[in-house]
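A quick write-up on the structure given underneath.
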Ligand code: NDP
């Protein structure tokens, strides 16, 4: 047994830190994890989980209206209670927080409910002044929402606060046009708010397949969501009536009840004492790590959003697992970052895996592109003029599928299964050799022209 207090001290009990703690403990390590807020991290407490539940809740607005065409008698004005949805979602968050805590405890991990900062290659200091030592330190502190530096920025909220609002704002302006902005635009719009989305560039969801994000933009505009592009934030002013006036370059000011920033996330490295151990950061403040998640200090590792590689929960979990298996389980492993599927839980949702058409063309020159542009049968009967779009990008020489991109009902559910085939390197011909499962939306995957 070493002279250190622990074999592993983890800072941050989010997705990556929790997995690493549990697995390292299962491999026999003496582990402590410090968490300054709540066990579960961004995904469980104020990210993926509550957001998805809000998106499901919001979708009932359309489902209830569509139900009439399917013979159900639904009043024209259905009553919606935000406090009921909000509090039920927060109660579910509490339940999962409890489950995560139990898992750590049942593996013998010491949970320290305090902020910890690094004081050297093998030491940390807790908020109460106690020093702890460990053979290895894992930084898994995640990231926080970026807020542009502009006058009145303190009047705005971020996704952190969105889950606790006292009421659905009547009018909301969301700054940014990435994942969080489009997901909350859909949620608030469905819940009855007038939504304006503003972005500094001319596009939404940079990096996603162009045709798919164009379709989301078109559907969102059709639903009544407003967009302001080329719009740099200049400031927020509180008016006498309590409303917020937002000024932006290239556009007239807008008056709303709530402003939400969804302009990316910043690694939580500030004030973490990393310089005391020679841990280097990149120009975005993220911890530089090698393939084995090791920082520039031999005894300090980092996983998850704080490393700003791929900011997705399942990736952080894999990084935490690989770290623990490699360092404590004598099972060297690393994460394969190729073909990671992702989804945007917008209304309708988007999902994609592999290369976009533009990426594939710039890498391979020529590619073959197939697509299916269709109106899901539920939308047809409901009289909803909302079309789904699937797009497949293939290597023109080998027929191998390089990318698959979708927008439409249940796109993330369908794509997760299809992503296995894309990751496995299957070809368009192999998709086509599979008989369609009729009538489904997913059958379009094997019928693309
Ligand atoms: P994104 O990186 O998705 O989008 C950021 C948006 O803000 C872009 O539209 C960008 O504009 C704009 N922006 C960036 N910096 C500034 C700035 N300084 N001033 C004004 N606008 C700016 O970030 P999100 O905050 O939406 O989400 C953070 C990350 O969290 C995502 O990248 C994703 O990895 C993860 N996430 C994943 C989800 C999922 O899997 N479903 C859900 C939510 C978050 P542009 O790029 O056009 O220039």
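Throughout, read-outs are computed from the coordinates displayed, never taken from laboratory work. Remember, predicted model here, so these are calculated numbers, not experimental data. Don't worry about glycine lacking a Cβ; one is built from the backbone with ideal geometry, like all the others, and counts go over all protein chains shown.
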Once the Cα atoms of helix 411-423 and of the chain are each reduced to a long axis, what angle between those two axes, in degrees from 0 to 90 to the nearest 10, is obtained? 60 degrees
Helix 313-328 sits off the longest principal axis of the Cα atoms of the chain, rounded to the nearest 10 on a 0 to 90 degree scale, by 20 degrees
Report the normalised scattering of the stretch 372-423 as log10 I(q)/I(0) at q = 0.31 Å⁻¹, calculated by the Debye formula with identical scatterers on the alpha carbons. -1.16
Evaluated at q = 0.20, 0.21, 0.25, 0.26 Å⁻¹: base-10 log I(q)/I(0), Debye formula over Cα of the stretch 344-432: -0.92, -0.98, -1.22, -1.27
Going by Cα centres, the stretch 116-152 and the stretch 240-257 are how many Å apart? 37 Å
Over the stretch 283-350, what is the mean sequence separation of C-alpha contacts under 8 Å (at least six apart), divided by residue count, expressed as relative contact order in percent? 21 percent
The chain: calculated mean residue ellipticity at 222 nm from DSSP helix runs of at least 4, using -39500 (n - 2.57): -9500 deg cm²/dmol
Would you mind giving the three semi-axes, in whole Å and largest first, of the ellipsoid equivalent to the stretch 76-157 according to its Cα gyration tensor? 36, 24, 10
Can you give me the Rg/Rh ratio for the stretch 253-349, using Cα atoms for both radii and the Kirkwood formula for Rh? 1.09
Mean separation of Cα contacts under 8 Å, 6 or more apart, over the residue count of the chain: relative contact order %: 16 percent
For the peptides 399-410, 300-311, 230-241, 12-23, what is the packing order when you average, over each peptide's residues, the other Cβ atoms within 10 Å and list the highest mean first? 12-23, 300-311, 399-410, 230-241
Using only alpha-carbon positions, what ratio does the radius of gyration of the stretch 39-175 give when scaled by 2.2 N^0.38 Å? 1.47
Diffusion coefficient, µm² s⁻¹, Stokes-Einstein with Kirkwood Rh over alpha-carbon pairs of the chain at 37 °C and 0.692 mPa s: 138 µm²/s
Evaluate the Kirkwood expression for the hydrodynamic radius of the stretch 119-265, namely the inverse of the mean inverse distance over all pairs of different C-alpha atoms, and round to one decimal in Å. 17.1 Å
If you line up the long axis of helix 15-26 against the longest principal axis of the chain, both from Cα atoms, how many degrees apart are they, to the nearest 10? 40 degrees
Cα-based Rg / Dmax (Å) for the stretch 325-383: 19.1, 59
Taking the C-alpha atoms of the stretch 1-82, convex hull volume expressed per residue in Å³: 108 Å³
Arranged from highest to lowest average of other beta-carbon atoms within 10 Å per residue, in what order do the peptides 438-447, 288-297 appear? 288-297, 438-447
Hydrodynamic radius by Kirkwood for the stretch 50-109, inverse mean 1/r across distinct Cα pairs, in Å, is 14.0 Å
Mean separation of Cα contacts under 8 Å, 6 or more apart, over the residue count of the stretch 244-331: relative contact order %: 17 percent
